[in-house]
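A short write-up of the structure that comes next.
The values are calculated or read from the model by the stated rules, or taken from the named source; none is laboratory data. None of these values were measured; they are calculated from a predicted model. In this analysis, Cβ positions are derived from the backbone assuming ideal geometry, glycine residues included, and neighbour counts consider all displayed protein chains. To get the accessible areas, we keep the full protein, side chains included, count just its heavy atoms, and leave off ligands, DNA and RNA. Shrake-Rupley method; radii C 1.70, N 1.55, O 1.52, S 1.80 Å.
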Amino acid sequence: MTPDKILVMIIGLGLIAGIAWFFWGPRKGGYHAPVTSGGYQEAMILVKGGYTPDVVVVQHGRPVRLNFRREESAACSEMVVFGDFGKSVRLPEGEIVPVELLPDKPGEYGFSCQMGMFRGRLVVE
């Protein structure tokens, strides 16, 4: 193998590793929801090709209000489902829809669209 082929192979492997790390690497701790004057831990979640932020960190024993705003017309994003809390909510396009929860135990609770393609996590500390 010539030196230029070795260099191209090393650069290619580096790019592959960078792309893999970007999509499947470790994620940061998530968005820490602040407590509002009404006593709720509140976060705004944008629904557009997924959930942004997709990880929301809250404290247990305090009420949580997640405000979802759907900005796309894909059928998958029509609902958000909180299986662990037994809740599902329709998300009309362009409207802010609040979802109120009271997590009483620490842990990680998933939420997703009805098809399971969009996913997020509620981390309760």
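Things to note:
- Qualifying residue in the range 111-121 (condition: open to solvent by 10 Å² or more (accessible area, probe 1.4 Å), in contact with a Leu (Cβ under 8 Å, 6 or more places away or on another chain) and assigned to a strand (DSSP E or B)): no
- Subset of the range 72-91 that is in a strand (DSSP E or B) and of a type in the set (A, V, I, L, M) - its residue that is least open to solvent (accessible area, probe 1.4 Å): VAL80
- Flag for ARG62 being at pLDDT below 95, surrounded by 11 or more Cβ atoms within 10 Å (Cβ to Cβ), under 17 Å from VAL124 (Cα atoms) and of a type outside the set (Val, Ile, Thr): yes
- Odd one out for VAL80, checked against (1) closer than 22 Å to PHE118 by Cβ; (2) in contact (Cβ under 8 Å) with a residue 40 or more places away in the chain; (3) touching a strand residue (DSSP E or B) at 6+ places or on another chain (Cβ under 6 Å); (4) not acidic (Asp, Glu): (2)
- LEU91, sole failed condition from (1) at pLDDT below 95; (2) touching a helix residue (DSSP H, G or I) at 6+ places or on another chain (Cβ under 7 Å); (3) among the aliphatic types (A, V, I, L, M): (1)
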